[in-house]
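Asker: After the structure tokens below, expect a handful of questions from me.
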Amino acid sequence: MTNEQSQIQESNWKSSTLLVGGLTGLVVGLLAAYLYVRAAEENGDPAPKKIKTMDMMGLAVTLLSIVRQITDLGANGGKSKK
């Protein structure tokens, strides 16, 4: 395989990974927003209540934990550290 073919192949898997990750984030974000709106409507609220700062911090920490686990999968080739 030539150097040019190697670079194209490397670029292809990177592009595919970014595309799948972006689309997954989009779908998960839209689903979360839909469920949030639906829950507010089921409670009979005309508008959803403000999210408390501590609740938002908890969500942010959880999200960072998930991102770190995904990064570890990439760094370890999908192998567990155990």
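No lab work stands behind these numbers, since they all come straight from the coordinates. In this text, all values refer to a predicted model and were calculated from it rather than measured experimentally. Here the Cβ is made from the backbone with ideal geometry for all residues, glycine too, and neighbour counts use every protein chain on show.
Asker: Could you give the length gained on full extension between Glu10 and Lys49, defined as 0.36 nm per residue of separation minus the Cα-Cα distance, in nm?
Answerer: 9.4 nm
Asker: Does anyone have the angle between helix 53-75 and the longest principal axis of the chain? Alpha-carbon axes, 0 to 90°, nearest 10?
Answerer: The helix 53-75 is inclined about 20 degrees to the chain.
Asker: Relative to the longest principal axis of the C-alpha atoms of the chain, give the angle of the C-alpha long axis of helix 3-42, reported between 0 and 90° and rounded to the nearest 10°.
Answerer: The angle comes out at about 10 degrees.
Asker: Tally Lys/Arg at +1 and Asp/Glu at -1 over every other residue whose Cβ is under 15 Å from the Cβ of Tyr36; what's the total?
Answerer: 0
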